[in-house]
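What follows draws every value from the coordinates through simple rules; no lab data is involved. Worth saying up front: this structure is predicted, and the values here are computed from it rather than measured. Here the Cβ is made from the backbone with ideal geometry for all residues, glycine too, and neighbour counts use every protein chain on show.
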Amino acid sequence: MKPVEIKKDIFWIGSVDWNRRNFHGYSVSHKGTTYNNFLIKDEKVTLIDTVAEEFWGTLQCNIANVLGKDAKIDYFVINHLEPDHAGCLAKAIEKYQPEKIYTSPMGQKAMMAHFHYKDWPVEVVPTGTEINIGSRNLQFIETRMLHWPDAMLTYCPEDKIAFTNDAFGQNWATSERFADEVERTTLERLMKEYYANIVLPYSAVVLKTLKALGEMNLDIDMICPDHGLLFRGKEDCEWVMNKYVEYAEQKPQNKAVIVYDTMWHSTEKMALAVATGLADYGVSVRVMCMKNNHHSEVMNEVMDAAAVIVGSPTHNNGILPLMADMMTYMKGLRPQNKIGAAIGSFGWSGECVKVLNQWLEDMSMEMVDPVKVKHVPTHDTMKQCYEQGKTIAEAIKAKLA
Ligand code: FEO
């Protein structure tokens, strides 16, 4: 994709990764992604972020497209050092020989740890620092843990643009550049998926950062994340910021997710009975077997659910490996405000629900009694599962009241 002038003399020069499905090695991006970066033509030509290393050729073409083949770039601003954004940094420094490289205090540390540089012209810009690049100023605001400790936001008051790096991103490879050019339901779903798998553990930081930004009274009419579509116009900027408040608050919906794995289908039968109990008492249910769902797809549903029911048969005195993967991933993302319950079948030792319960308790979930079945469920034990669904439905109703 060619550069796009998003405001006068400010260009999107990113790369579209159409076939990216494994995002960062742990989540699925069914619709690819983009690595957005930006070039500002002013007295001091300024590059904001780079792209993933495999797009170095594209980045050079895009820069030449805007500045000509003898392009000179005076300043680099590096908002985040993760390799999807800083992957071309060393090559770009060597080629364009910038006068200054601006990054946050933690960015400088991360830059050193990644690149072990000796003589780069790095200048640390803590929150509140402002630089002049000619007809514009750039202000820097650290946004630690959105998504790494080094993350920062760059704001240009003259153009009312916030370059937000990972914050407000979505994994969606498109030929369109702006959110108002694409279908909103899909955009919203992909924003939520990105948040659930990347940003969720830092929800408290999101709320604190948005509050601080609000108190700074920044006049923003364009938000440029480093992944996916950009947001233009005050209405869309407010829309995306409000979405982040909604996601970060993690207010549960009338929804339950049953996630399980099964060996000879006993735990699966139990899961379906719990689902029926929940649905009969008015809860919207998602039933997800780990053999057919990636852990990141499960988290997309868990994020706004009021209850999470986890199931596994006992396997080698523990739980099945796909459920161990799921529980590890879920705990790391620190979902809040959930009701939790465990189900599982067993043949002899029967540790499954004890192990699952411990995971749920570690996530501070409000616990409902587990159901455990020896070998194959009977009519009575299926009824116990149904009753567990009903009990969880009542707990959800009380929680949402
Ligand atoms: Fe898009 Fe934290 O990297």
**OP:** Could you please rank Cys156, Cys237, placing first whichever residue has the fewest other Cβ atoms within 10 Å of its Cβ?
**Re:** Cys237, Cys156
Original post:
In degrees, nearest 10, range 0 to 90: what is the angle between the Cα axis of helix 266-280 and the longest Cα principal axis of the chain?
Top reply: 80 degrees
Original post:
Which residue, Val199, Val51, Val122, has the most motion in a Gaussian network model of the chain that connects Cα atoms within less than 10 Å?
Top reply: Val122
Original post:
Which cross-chain or sequence-distant (5 or more) residues have an amide H under 5 Å from the amide H of Ser345, H modelled 1.01 Å from N in plane?
Top reply: Thr267, Ser312, Thr314, Val373
Subject >> Total formal charge among the other residues, if their Cβ is under 15 angstrom from that of Gly228, Lys/Arg +1 and Asp/Glu -1 >> reply: -4
**OP:** Treat the count of other C-beta atoms within 10 Å as a stand-in for reagent exposure and order Leu218, Leu230, Leu146, Leu272 from fewest to most.
**Re:** Leu218, Leu272, Leu146, Leu230
Original post:
For the chain, modelled as a GNM with alpha-carbon contacts under 10 angstrom, which of Thr58, Thr186, Thr209 fluctuates the most?
Top reply: Thr186
**OP:** Would you give the gap between the C-alpha center of the range 71-99 and the C-alpha center of the range 208-232, rounded to a whole Å?
**Re:** 23 Å
Subject >> Two-site FRET efficiency, Leu400 against Glu158, from Cβ-Cβ distance with R₀ of 35 Å, rounded to 0.05 >> reply: 0.15
**OP:** Give me Glu43, Glu123 ranked fewest to most by other Cβ atoms within 10 Å of their Cβ, as a rough exposure proxy.
**Re:** Glu43, Glu123
Subject >> Cα-based convex hull, the chain, per residue volume (Å³, whole number) >> reply: 138 Å³
Subject >> Asp280-Met367 FRET efficiency (beta carbon distance; Förster radius 22 Å; 0.05 resolution) >> reply: 0.50
Subject >> Given charges at beta-carbon only (K, R positive; D, E negative), |dipole| of the range 253-395 in Debye >> reply: 140 debye
**OP:** Kindly rank 158-166, 345-353 from highest to lowest mean number of other beta carbons found within 10 Å of each residue.
**Re:** 158-166, 345-353
Original post:
Helix-derived [θ] at 222 nm for the chain: sum -39500 (n - 2.57) over DSSP H runs of at least 4, divide by residue count, nearest 500?
Top reply: -11000 deg cm²/dmol
Original post:
Just how far, in whole angstrom, is the range 336-355 from the range 47-68 if you go by their alpha carbon centroids?
Top reply: 51 Å
Original post:
Within the range 284-311, whose backbone N sits under 13 Å from a point 7 Å along Cα→Cβ of Arg21?
Top reply: 294
Original post:
Between His375 and Cys61, what length in nm is gained on full extension when 0.36 nm per residue of separation is reduced by their alpha carbon distance?
Top reply: 106.8 nm
Original post:
Given the options Tyr195, Tyr244, Tyr96, which has the most mean-square fluctuation in a GNM of the chain, springs set between C-alpha atoms less than 10 angstrom apart?
Top reply: Tyr96
Original post:
Over all pairs of distinct alpha carbons, what does the Kirkwood formula give as the hydrodynamic radius of the range 253-395, in Å?
Top reply: 14.4 Å
